[in-house]
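Engineer: Quick one: the structure is below, questions incoming.
The values are calculated or read from the model by the stated rules, or taken from the named source; none is laboratory data. The shown structure was predicted, so the numbers you read here are calculated from the model rather than taken from an experiment. Every residue, glycine among them, receives a Cβ derived from its backbone with ideal geometry; neighbour counts consider all protein chains shown.
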Amino acid sequence: MKKERNCQELLTYLSDYIDDNIEDEALCDEIEEHVEACETCRIVVDTLKKTLYLYQTSAKQTVLPDQVRHRLYQRLDLEPYLPTDEES
Amino acid sequence: MSERENTQEPFSIQALREGDRTEFARVVEAYSEKMYRLILKMLRNPQDAEDILQETFLKAYRGFEDFRGNAKISTWLYRIATNEALMFLRQKEEPKVSIDKQALADDGQAYNPMKIVDWCCLPEQELLSSEAMDYLDRAVDQLSESMRITFLLRDLEGLSTQETAEVLSISEAAVKTRLSRARMHLRERLSGYYGRKLDASPIDTPHHGGNTLEGSRS
């Protein structure tokens, strides 16, 4: 029972934990020890980290298409400043 | 605040205030892709995203005159882009709940993960397939507006908690709460999706589908 209640309590800190953003060292140690011992929480931490990794990887695939950049510079009267292929 | 005080800023605020085209072009080049990505993820329609991208920089150009340099230019641009995109979304469809009610829901009860499946072992090509990428986008769409924008700014654009709070004019504590709930919700959605992929794959995992926190609510 105690272990299960700890899972619930520690879950609220997981987002800060994976950001390495918990200032309370004792709490950080407690989470680390818990995650090492608790398979369920380990999976939640690992899949949470993987979730963010996948979103960040997918975001890098979104680039500004050349045509969209061109029309943006046109609209802003910045055409002379359009980067050439060599520059971009 | 004078330009000299804002030493982190790579652009001349004074030149931008005076309407310097070269300096403005440098800002556009530095941030157009970032703004486009954020707006596209919010609107999910390339044509709409292009329109709002143009509006964002037009507004910025006109607004530099009054820009005091209290925030970083990037933070200020994110704020304009976010407001323009949100305004566009609100004009397009009637909001079903008020912002206050929504914020209440976002900051409400703790989130309980239900899907405990270790899908991290799936091959990269499966995790990053075009079908999976589409699913990732749709999962973000299902977040409430405030959770979605917080997640996009913090985790996709890499803004700090403080910068995100400045862009959205909310407290850092509210950013953390919304981000935590958004992340946990997305983890849950992805666990359902990749869990099904795991079912269909020959990879053997001892943790597959077994555990749950469901019984541990106090």
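Engineer: Would you point out the residue of the stretch B:23-55, among those that are touching a residue at least 24 places away in the same chain (Cβ under 8 Å) and among the aromatic types (Phe, Trp, Tyr), that is surrounded by the fewest Cβ atoms within 10 Å (Cβ to Cβ)?
Structural biologist: Among those that are touching a residue at least 24 places away in the same chain (Cβ under 8 Å) and among the aromatic types (Phe, Trp, Tyr), it is B:Tyr31.
Engineer: Next up: Could you go through the stretch A:21-29 and let me know if any residue there is surrounded by 11 or more Cβ atoms within 10 Å (Cβ to Cβ), assigned to a helix (DSSP H, G or I) and facing chain B (nearest Cβ under 7 Å).
Structural biologist: Checked the stretch A:21-29: no residue is surrounded by 11 or more Cβ atoms within 10 Å (Cβ to Cβ), assigned to a helix (DSSP H, G or I) and facing chain B (nearest Cβ under 7 Å).
Engineer: Among (1) surrounded by 17 or more Cβ atoms within 10 Å (Cβ to Cβ); (2) at pLDDT 85 or above; (3) touching an Asp or Glu at 6+ places or on another chain (Cβ under 9 Å), where does B:Lys59 come up short?
Structural biologist: Here B:Lys59 meets the rest and fails (1).
Engineer: Go over the candidates A:Leu72, A:Leu78, A:Leu64, A:Leu48 one by one and state the one that is in contact with an Asp or Glu (Cβ under 6 Å, 6 or more places away or on another chain) and at pLDDT 95 or above.
Structural biologist: Values: A:Leu72 fails: in contact with an Asp or Glu (Cβ under 6 Å, 6 or more places away or on another chain); A:Leu78 fails: in contact with an Asp or Glu (Cβ under 6 Å, 6 or more places away or on another chain); A:Leu48 fails: in contact with an Asp or Glu (Cβ under 6 Å, 6 or more places away or on another chain).
Selected residue: A:Leu64, the only one of A:Leu72, A:Leu78, A:Leu64, A:Leu48 that is in contact with an Asp or Glu (Cβ under 6 Å, 6 or more places away or on another chain) and at pLDDT 95 or above.
Engineer: Can A:His34 be described as touching a residue at least 12 places away in the same chain (Cβ under 8 Å) and either closer than 30 Å to A:Asn6 by Cα or hydroxyl-bearing (Ser, Thr, Tyr) (or both)? First the steps, then the outcome.
Structural biologist: Working: touching a residue at least 12 places away in the same chain (Cβ under 8 Å): yes; either closer than 30 Å to A:Asn6 by Cα or hydroxyl-bearing (Ser, Thr, Tyr) (or both): yes.
Yes.
Engineer: Look through the stretch B:17-31, keep the residues that are under 12 Å from A:Pro80 (Cβ atoms) and touching a Pro at 6+ places or on another chain (Cβ under 9 Å), and return whichever of them is nearest to the other protein chains (Cβ to nearest Cβ).
Structural biologist: Residue satisfying both the conditions and the ranking: B:Ala25.
Engineer: If I ask for residues that are among the polar types (S, T, N, Q) and surrounded by fewer than 21 Cβ atoms within 10 Å (Cβ to Cβ), which ones from the stretch B:154-186 would you list?
Structural biologist: Those that are among the polar types (S, T, N, Q) and surrounded by fewer than 21 Cβ atoms within 10 Å (Cβ to Cβ): B:Ser160, B:Thr161, B:Gln162, B:Ser169, B:Ser171, B:Thr177.
Engineer: Please give the number of the condition B:Leu186 fails out of (1) among the hydrophobic types (A, V, I, L, M, F, W, C); (2) within 11 Å of another protein chain (Cβ to nearest Cβ); (3) within 21 Å of B:Leu38 (Cβ to Cβ); (4) without any contact (Cβ under 8 Å) to a residue 24 or more places away in the chain.
Structural biologist: If we test B:Leu186 against (1) among the hydrophobic types (A, V, I, L, M, F, W, C); (2) within 11 Å of another protein chain (Cβ to nearest Cβ); (3) within 21 Å of B:Leu38 (Cβ to Cβ); (4) without any contact (Cβ under 8 Å) to a residue 24 or more places away in the chain, just (4) comes out false.
Engineer: Let me ask another. Would it be correct to say that A:Thr40 is over 30 Å from B:Leu43 (Cα atoms) and of a type in the set (Ser, Thr, Tyr)?
Structural biologist: Judged against the criteria, A:Thr40 is a match.
Engineer: Report, by residue number, each residue of the stretch B:135-167 that is within 18 Å of A:Tyr53 (Cα to Cα) and not in a helix (DSSP H, G or I).
Structural biologist: Residues satisfying the conditions are B:Glu157, B:Gly158, B:Leu159, B:Ser160.
Engineer: Exactly one condition in (1) surrounded by fewer than 18 Cβ atoms within 10 Å (Cβ to Cβ); (2) modelled with pLDDT under 95; (3) in a helix (DSSP H, G or I) is not met by B:Ala110; state its number.
Structural biologist: Just one mismatch for B:Ala110, condition (3).
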